[in-house]
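The values are calculated or read from the model by the stated rules, or taken from the named source; none is laboratory data. In this text, all values refer to a predicted model and were calculated from it rather than measured experimentally. For neighbour counting, all protein chains shown are included, and Cβ atoms are generated from backbone atoms with ideal geometry for every residue, glycine included.
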Amino acid sequence: MPRVGVLALQGDVREHVATLEKLGVTVVTVRTPSDLEGLDGLVMPGGESTTIAHLLVTSGLRAVLQTKLDEGFKVFGTCAGLIMLSRDILDGRRDQWSFNKLDVAVRRNGYGRQIASFESSVEVRDVGVVPGVFIRAPKIESYEKNVEVLATFDHGDGEHAVLVRQGNVWGCSFHPELTSDLRVHQLFTDSL
Ligand code: GLN
């Protein structure tokens, strides 16, 4: 049974824990570097990427996680988590850093502000149609050829990737943890 961490610094931690528990994996909340010991993978929840970035530094997790990511540790970032993993952050705070593990450019709040949040079906490759909840969601505006696109979505301005994978790192614009559909998380846990 894989042991999966959920980064528990800020954001919708509880919802990810609940979803992973329904999948039957062992779930560990991660707040300090030692919490990462013995994990097979980690979920980075949605929330506020600037706050999460700050807490990653003060908790000492930034450096340890960067090393682990570079060594192939499997991480799945949703929404703000996707921002934390992306190479380029558009409309970020001037000093906003990321782990730079997905060769994508994401625009913060690219699908609109909180008031423009919406839910729509998203077709995921090899899985089928899942509900997609977009809340101040980052939009993947471009990506390199080495990025595998598992789902796209057209919000009226053409197809944009919304679920991507590059080696050990996965990223998702929407919030699979806010629905009862477990299949997006399962894609990740099946890979562990
Ligand atoms: N827009 C938020 C940010 O920049 C992310 C929104 C979310 O995670 N729901 O961090």
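Points to keep in mind about this one:
- Where L150 falls short, out of the listed (1) under 27 Å from K22 (Cβ atoms); (2) in contact (Cβ under 8 Å) with a residue 40 or more places away in the chain: (2)
- In the condition set (1) within 14 Å of the ligand (Cβ to nearest atom); (2) in a strand (DSSP E or B), V164 is compliant with all but (1).
- Check on V6, surrounded by 19 or more Cβ atoms within 10 Å (Cβ to Cβ), of a type in the set (A, V, I, L, M) and in contact (Cβ under 8 Å) with a residue 40 or more places away in the chain: no
- Taken over segment 1-16, the criterion of being assigned to a helix (DSSP H, G or I) and either closer than 15 Å to D40 by Cα or within 14 Å of the ligand (Cβ to nearest atom) (or both) is satisfied by V13, E15, H16.
- Checklist (1) at pLDDT 95 or above; (2) not in a strand (DSSP E or B) applied to D126, failing item: (1)
- Selection over segment 106-129 of residues that are within 14 Å of the ligand (Cβ to nearest atom) and of a type in the set (A, V, I, L, M, F, W, C) gives a count of 4.
- Matching residues, segment 1-23, being among the basic types (K, R) and either more than 17 Å from the chain's Cα centre (by Cα) or modelled with pLDDT under 95 (or both): R3, K22
- Residue under evaluation H185, criteria (1) in contact with a strand residue (DSSP E or B) (Cβ under 7 Å, 6 or more places away or on another chain); (2) in contact (Cβ under 8 Å) with a residue 40 or more places away in the chain, criterion not met: (1)
- Every residue from segment 87-96 that is within 13 Å of the ligand (Cβ to nearest atom) and not polar (S, T, N, Q): I89, L90, D91, G92, R93
- Complete set of residues in segment 24-55 that are in contact with a His (Cβ under 6 Å, 6 or more places away or on another chain) and either more than 12 Å from the ligand (Cβ to nearest atom) or at pLDDT below 95 (or both): V43
- Qualifying residue in segment 48-67 (condition: among the aliphatic types (A, V, I, L, M), out of contact with any helix residue (DSSP H, G or I) (no Cβ under 8 Å at 6 or more places or on another chain) and more than 30 Å from S180 (Cβ to Cβ)): yes
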